[in-house]
Amino acid sequence: MLLFILKRLAQSLLVMAVVSAVSFSLFNFVGDPVNNMVGQDATREQRAEIREKLGLNDPILTQYVRFMGNAVRGDFGLSYRIRRPVDQLIMERLPATLELVFVSAVIALVVGIGLGVYTGIRRNTFLSRAILSISLIGVSLPTFIIGISLIYLFAVTLRWLPSSGRGGTVDLGWWTTSLLTLDGWRSIILPAITLSLFQLTLILRLVRAEMLEVMRTDYIKFARARGLADRSIHFVHALRNTLVPVITIIGLNIGGLIAFSVITETVFQWPGTGLMFIQAVDFVDVPIMAAYLCFVALLFVLINLIVDILYFVVDPRIRLGG
Amino acid sequence: MTVTRTLAAALMTTAMAVPMAAQAENVLRWTSQGDALTLDPHSQNEGPTNSMNSLIYESLVSRNYELVLEPELAESWEAAPDGWTFKLREGVKFHDGSDFTAEDVVFSFERALAESSDFKEQAKAVTSVEVIDDYTVKLITDGPNPILANQLTGILIMDKDWSEANNVTTPQDYAASEETFAVRNANGTGPFVVESRAPEELTVLTANPDWWGTDLFPGNLDKIEYRPISNAATRVAALLSGEVDFVLDPPLQDLKRIEAADGLEVKTAAQIRSIFFGFDMASDKLRSSSLEENPFKDPKVREAFNLAIDKDAIQRVVMEGLSFPTAMITPPGVLGNTPELDEQFGFDPEKAKALLTEAGYADGFSVQLDCPNNRYNNDEKICQAAVAMLAKVGVDVKLDAIPKAQHFPKIQNRTSDFYMLGWGVPTLDSHYVFAYLLAKDGSWNATGYDNARVNEITQAITTETDLDKRTALIDEAWQIIREEKPYLPIHHQVIAWAMSDDFDIPIASDDGLRPRYVVKK
């Protein structure tokens, strides 16, 4: 067990190193930050001087080694754009993103599983077909369009919900939350739906397919023959056995939610890490981009590590085979 | 039962109290694309930052919404050959209660001239500041300066004692590893005080009750709530849904929709920014062309390009009418622009073709046009239209439209043959255009244009105090430039503001919101 985790950890470190190296080499193509950092009347000499000071003239490898050296000591530098420490900025923005991801994941799970079970059992009703057709929208429409459409419907036309921003936040000292006030819930609901829609349809279709499969198996027929109630057959016997693949997919997709949140956060001006990343790309704010990519890589690596460990615990075949 | 009743009573009082509180205050809720990057007034010379900081801090001289100079912290001024004397406003207090005096002016200019300041180019006209008494200062200049007041509107005044106490006597250094106190804290003399600030979310400013101008200006705002919204469609949605009262930068294609909505209106004005193409006319060979020589060295080719591009069609089709086609690279409102100089060259593809043939390019040639795609109104579309128009006279233009962070370095590093650039003029004086775009060593002059007389005039007008003579010199330079065409002018930009008609918000050509003139009806 310990050896297994150590092996996985070593692999994770390798992945992190590769991700940071690749992302760092990409910054060369994003453009020159200096032009954004000074006013239009700065002279060419002043620009050259800033480049020199920031070490932007050094070879990319030197810059990378310097970045990693500082990062290992927990120093990610100052943002070029806002002139504040990057780790502090990310920590300030993280609660907004994590809450958004959490609420979306809950919506995707509850609604996705519910509808999946329904369409799996009553597969020939009109409602089932309607749900399946509509769910195609969730898979095929880009997040951007969904977000804007929701804003126009619920904020502009009906005026039920705010169009953007994160209202009603409560500062708990180490965490700012919008889940404790009505205003906070009103502002999180549209972005959360937007972000969840893709995952929701994915889960819906997965659960439905699994349900169809399971409902044909012998033990369901026997359960029926034993005269058990439908409800108990559907939710205790059938659903339980469909959940194994669903949990795997969700685990892997939490990372995807965080990545997709970049677009959702931009559309809804949600003040999380995704919005900050987009603004950093626009400005060529290298310290923020580098730290954010490392952070996301770390997140993916951690999630995968946890999933691997869970497999190890759950599935005896891996233990024996390993 | 009692609990329910108490609860109901509490709810009712809350419900009643909220609209009353809202009525008692005039709150302007507004948005634009970006948030201020810092509250340090000398650290970033950038639109949203200047706009936020000029609510909190003030300069000696400022411009009203018609861009006329008006006294701010200085009450009057007088020019002399060795510098200008400013009489300061008495009785002005900083937000923390301390007095504004001559010492603060000396300190602020020193700070604006510091190595890490982003305003040192603007402030460099002032070599030092001499204190005459507590409320009189003399800004010493290097020789006579006819337009010093124009150059000072961006230099905001800080409190010396506050800056010293908080260890922010210089703006933040790029290479520093810690943020300074002034990034998130401010102490100015301005009409608004920061009440709360969450960067990229919401900044709330309340009216400064002790502001010297409270009774002098028509504005009646008690509070300003600024919420940046980076996505243009979301910005418009926030206005349509009534969540904000004012959008500084609505996308041009949405203006009709906004005007059609109840209770909203759109105002437009000519902006102090012109859009044009530059030719590299100095290199011996173009980088993106197969030709052995540089065709842009030939004035006939530059004229042909000018005639081949139909600026009126660009205005009509690409800009939906929201631009002023031009033959000049600086707009009306800037000293030097005259209707005669701005008279268009006309659109004449036949003549353009003839000129190209005369120059020896009957079969045309190929060249790359470098263009930003996220900087100016419809920048990429303008370039696409120009490519199609130039194709009709036989020039094969390859378009490279890229983000500004990659585009502008090409101009700075002089690696572009043919490029789009826009230029705004904060001083409203042609010197700012000559010095950066037309003089031989101008930092944005990537054309390589080098005309002895233009260089001479650029120098001469910095010290010529006879204003008629000076204006004549400026006019002479523009005549030469009109003749030699180192740039291909397209149009002057138009700005559009969208607002609720509960407010009277005067639009300004420099795109700056001036809350001291904003009236809630």
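The values are calculated or read from the model by the stated rules, or taken from the named source; none is laboratory data. Fair warning: this is a prediction, and the values are worked out from it, not measured in the lab. As a convention, Cβ positions derive from the backbone with ideal geometry for all residues, glycine included, and neighbour counts pool all protein chains shown.
Tell me, please, whether a residue that is hydrophobic (A, V, I, L, M, F, W, C), within 12 Å of chain A (Cβ to nearest Cβ) and free of Cβ contacts under 8 Å to residues at least 12 places away in the same chain can be found in segment B:206-229. Reasoning before the result, please.
So in segment B:206-229, the residues hydrophobic (A, V, I, L, M, F, W, C) come out as B:207, B:211-212, B:216-217, B:221, B:224, B:229.
This time we only want the ones that are within 12 Å of chain A (Cβ to nearest Cβ), so: B:229.
Filter once more, keeping what is free of Cβ contacts under 8 Å to residues at least 12 places away in the same chain: none.
There is no residue in segment B:206-229 that is hydrophobic (A, V, I, L, M, F, W, C), within 12 Å of chain A (Cβ to nearest Cβ) and free of Cβ contacts under 8 Å to residues at least 12 places away in the same chain.
Within segment A:36-76, can you find the residues that are more than 8 Å from chain B (Cβ to nearest Cβ), more than 17 Å from residue B:116 (Cβ to Cβ), in a helix (DSSP H, G or I) and of a type outside the set (S, T, N, Q)?
A:60, A:61, A:64, A:65, A:66, A:67, A:68, A:69, A:71, A:72
Do we find that residue A:228 is in the same structural domain as residue A:97 (by TED's automatic domain parsing) and under 30 Å from residue A:66 (Cβ atoms) in this structure?
So residue A:228 fails the test.
Of all residues being hydroxyl-bearing (Ser, Thr, Tyr) and closer than 15 Å to residue A:189 by Cα in segment A:144-162, which is surrounded by the most Cβ atoms within 10 Å (Cβ to Cβ)? Just the residue, please.
Going through the qualifying residues, I end up with A:152.
Hey, any hits in segment A:119-136 for a residue that's more than 18 Å from residue B:234 (Cβ to Cβ), surrounded by 20 or more Cβ atoms within 10 Å (Cβ to Cβ), away from chain B (no Cβ under 12 Å) and modelled with pLDDT of 90 or more?
Yes - at least one qualifying residue is present in segment A:119-136.
Could you please let me know if residue B:458 is in contact (Cβ under 8 Å) with a residue 60 or more places away in the chain, assigned to a helix (DSSP H, G or I) and not assigned by TED's automatic domain parsing to the domain that holds residue B:123?
no
Determine which single condition residue B:241 fails, assuming it passes every other condition in (1) within 13 Å of another protein chain (Cβ to nearest Cβ); (2) in contact with a Lys or Arg (Cβ under 9 Å, 6 or more places away or on another chain); (3) touching a residue at least 24 places away in the same chain (Cβ under 8 Å).
So residue B:241 meets the others, but not (3).
Look at residue B:324 and say whether it is aromatic (Phe, Trp, Tyr), in contact with a helix residue (DSSP H, G or I) (Cβ under 8 Å, 6 or more places away or on another chain) and part of a loop (DSSP other than H, G, I, E, B).
Criteria not met by residue B:324.
Among the listed residues B:352, B:313, B:304, which satisfies the condition of being over 25 Å from the mean Cα position of the chain (by Cα) and surrounded by fewer than 21 Cβ atoms within 10 Å (Cβ to Cβ)?
B:313
Does any residue of segment B:461-479 turn out to be buried (at least 18 other Cβ atoms within 10 Å of the Cβ), within 14 Å of chain A (Cβ to nearest Cβ) and among the hydrophobic types (A, V, I, L, M, F, W, C)?
The answer is no; no qualifying residue exists.
Looking at the structure I just gave you, is residue B:54 closer than 30 Å to residue B:270 by Cβ, within 19 Å of the chain's Cα centre (by Cα), assigned to a strand (DSSP E or B) and at pLDDT 90 or above?
no
Taking interchain pairs and intrachain pairs at least six residues apart, which have beta carbon atoms under 9 angstrom, with the first residue in segment B:388-406 and more than 14 Å from chain A (Cβ to nearest Cβ) and the second among the polar types (S, T, N, Q) and in a loop (DSSP other than H, G, I, E, B)?
Qualifying pairs under 9 Å: B:398/B:288.
In segment A:66-93, which residues are hydrophobic (A, V, I, L, M, F, W, C), out of contact with any strand residue (DSSP E or B) (no Cβ under 9 Å at 6 or more places or on another chain), within 23 Å of residue A:166 (Cα to Cα) and crowded, with 16+ Cβ neighbours inside 10 Å? Explain how you work it out, then say what you get.
Filtering segment A:66-93 down to residues hydrophobic (A, V, I, L, M, F, W, C) leaves A:67-68, A:71-72, A:76, A:78, A:82, A:86, A:89-91.
Add one more test, that the residue is out of contact with any strand residue (DSSP E or B) (no Cβ under 9 Å at 6 or more places or on another chain), and what stays is A:67-68, A:71-72, A:82, A:89-91.
The next check asks that each one be within 23 Å of residue A:166 (Cα to Cα); those that pass are A:82, A:89-91.
Once the filter is applied, which keeps residues that are hydrophobic (A, V, I, L, M, F, W, C), out of contact with any strand residue (DSSP E or B) (no Cβ under 9 Å at 6 or more places or on another chain), within 23 Å of residue A:166 (Cα to Cα) and crowded, with 16+ Cβ neighbours inside 10 Å, segment A:66-93 yields A:82, A:89, A:90.
Could you tell me which residue of segment A:22-35 is surrounded by the fewest Cβ atoms within 10 Å (Cβ to Cβ), considering only residues that are part of a helix (DSSP H, G or I), modelled with pLDDT under 85 and within 29 Å of the chain's Cα centre (by Cα)? Talk me through it step by step, then tell me what you get.
Restricting attention to segment A:22-35, the residues satisfying the condition of being part of a helix (DSSP H, G or I) are A:22-29, A:33-35.
With modelled with pLDDT under 85 added as a condition, the list becomes A:22-29, A:35.
Going one step further and asking which of them are within 29 Å of the chain's Cα centre (by Cα), we end up with A:22-29.
Values: A:22: 11, A:23: 17, A:24: 21, A:25: 13, A:26: 12, A:27: 20, A:28: 11, A:29: 7.
The residue in question is A:29.
With the condition kept exactly as written, say whether any residue in segment B:113-121 is over 30 Å from residue B:375 (Cβ atoms) and of a type outside the set (Ser, Thr, Tyr).
No: segment B:113-121 contains no residue that is over 30 Å from residue B:375 (Cβ atoms) and of a type outside the set (Ser, Thr, Tyr).
Filter segment B:183-233 down to the residues that are β-branched (Val, Ile, Thr) and not in a loop (DSSP other than H, G, I, E, B), then identify the one that is surrounded by the most Cβ atoms within 10 Å (Cβ to Cβ).
B:224
With the structure loaded, tell me whether residue B:284 is touching a residue at least 24 places away in the same chain (Cβ under 8 Å), closer than 27 Å to residue B:479 by Cα and charged (D, E, K, R) or whether it fails that test.
no
Testing residue B:482 on (1) under 23 Å from the mean Cα position of the chain (by Cα); (2) within 30 Å of residue B:308 (Cβ to Cβ); (3) of a type in the set (D, E, K, R), one condition comes back false. Which one is that?
(1)
Only one of B:432, B:436 is in the same structural domain as residue B:279 (by TED's automatic domain parsing), farther than 23 Å from residue B:417 by Cβ and of a type in the set (Phe, Trp, Tyr). Can you tell me which?
B:432
Quick check on residue A:16: is it at the interface with chain B (Cβ under 8 Å from one of its Cβ atoms) and aliphatic (A, V, I, L, M)?
Answer is no for this residue.
Which of the residues that make up segment A:109-140 are free of Cβ contacts under 8 Å to residues at least 12 places away in the same chain and outside any helix (DSSP H, G or I)?
Correct list: A:122, A:124, A:125.
Within segment B:32-52, how many residues are without any contact (Cβ under 8 Å) to a residue 24 or more places away in the chain and more than 9 Å from chain A (Cβ to nearest Cβ)?
1
Going through segment B:259-280 one residue at a time, which ones are aliphatic (A, V, I, L, M) and at pLDDT 95 or above?
Correct list: B:264, B:266, B:275.
What are the residue pairs meeting all of these: first residue in segment A:50-68, first residue touching a residue at least 40 places away in the same chain (Cβ under 8 Å), second residue among the polar types (S, T, N, Q), Cβ atoms under 7 Å, and 6 or more apart or on different chains?
Between residues of segment A:50-68 that are touching a residue at least 40 places away in the same chain (Cβ under 8 Å) and residues that are among the polar types (S, T, N, Q), the close pairs are A:68/A:20.
Only one residue in A:101, A:111 is crowded, with 19+ Cβ neighbours inside 10 Å, β-branched (Val, Ile, Thr) and within 24 Å of residue A:256 (Cβ to Cβ), so which one is that?
Going through A:101, A:111 in turn, the sole match is A:101.
Quick check: is even one residue across segment B:206-213 of a type outside the set (D, E, K, R), touching a helix residue (DSSP H, G or I) at 6+ places or on another chain (Cβ under 7 Å) and modelled with pLDDT under 95?
Of all residues in segment B:206-213, those of a type outside the set (D, E, K, R) come to B:206-209, B:211-213.
Now drop any that are not touching a helix residue (DSSP H, G or I) at 6+ places or on another chain (Cβ under 7 Å), which leaves B:213.
Cutting the leftovers down to modelled with pLDDT under 95 gives us B:213.
Yes, that holds for at least one residue.
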